[in-house]
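Read the structure below first, then the notes.
All of the numbers you see were taken from the coordinates with simple rules; none came from a lab. These figures come from a predicted structure and were not determined experimentally. Using ideal geometry, Cβ is built from the backbone for each residue, glycine included, and neighbour counts are taken over all protein chains shown.
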Amino acid sequence: MTGTARGDHTLPSAAMISTSRVVPAAFALALLACSSSSDDTSPGGSGAPGGRTYASAPAMTIDAAKTYTATMVTAKGTIELSLDAKAAPKTVNNFVFLARDHYYDGLTFHRVEPGFVIQGGDPEGTGKGGPGYTIPDEASGLPHVDGALAMAKSSAPNSAGSQFYITLAPQPGLDEGYTVFGAVTAGKDVVAKIARGDTITSVTIVER
């Protein structure tokens with residue numbers, strides 16, 4: 001478990017992904033989100049809808065030997081996601097915890113970049129919010145394919161919290177810096193329709 005972070009957690013804008021890989025400058029916006037912008041990290045503090053932040057990252061409760069999927073209902077339709085608990089157990093555990101606690105219910109996609117990513121999971125809707133804690137980066141080995149699900153973070157290591165993004169096209173330039181922990185299995189047409197400000201109605205986890 002790592003500590004609370006503040007500031008912009010931004011996915012490298014295309015041109016900022018790395019000095020050795022150049023991405024179109026049009027995508028150079030701060031996409032990643034900061035893991036937390038609140039100083040109150042106790043349960044019931046400010047942050048998510050209902051004023052929830054947490055004192056620490058969740059304990060490991062998932063079973064990496066099992067299969068996890070997420071059904072994300074949005075204002076534009078339903079997105080089905082596979083979660084790879086073997087490749088990124090800590091990240092999947094965090095996402096499952098937040099989803100089961102209804103943390104994402106009512107939040108929005110605060111950033112949408114055509115051809116790049118859609119990003120959500122920020123209780124502030126600014127790219128600076130989070131759950132009050134951060135989680136470690138994981139080298140999952142999963143690539144940023146079209147429809148990849150990954151954690152947004154700041155430029156600092158181990159700074160992801162609740163914000164996630166879904167790629168709208170392959171983004172190999174992000175592979176070395178961000179943890180991919182799942183992928184869209186159905187509803188890519190819905191992902192393509194998401195606009196800035198669209199609401200996440202619910203995220204339901206199924207364990208098999």
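As an exercise, use a Förster radius of 25 Å and the Cβ-Cβ distance of residue 65 and residue 185 to find the FRET efficiency, rounded to the nearest 0.05.
Computed FRET efficiency for residue 65 and residue 185 comes out at 0.80.
Based on alpha-carbon atoms only, what is the radius of gyration of the stretch 93-158 relative to the globular estimate 2.2 N^0.38 Å?
So the Cα radius of gyration is 1.16 times the expected 2.2 N^0.38 Å.
Going highest first, how would you order 59-72, 120-133, 145-158, 98-111 by mean Cβ packing within 10 Å?
Top to bottom by mean Cβ count within 10 Å: 120-133, 145-158, 98-111, 59-72.
Step through the table entries 90/128; 128/153; 66/90, compare each Cα-Cα distance with 19 Å, and write down the pairs that go over it.
Those over the limit are 90/128.
What does the charge count near residue 184 come to, summing +1 for each Lys or Arg and -1 for each Asp or Glu among other residues with Cβ under 15 Å from its Cβ?
-1
Which residue, 130, 200, 167, has the largest displacement toward the positive end of the dipole of the stretch 114-208 when charges sit on each Cβ (Lys, Arg +1; Asp, Glu -1)?
200
Averaging the inverse of every distinct alpha carbon separation and then flipping it gives the Kirkwood radius. What is it for the stretch 62-208, in angstrom units?
So the Kirkwood estimate lands at 14.8 Å.
Below 22 Å, Cα to Cα, which lysines can residue 188 reach? Residues fewer than 8 away in the same chain don't count.
Filter leaves 76.
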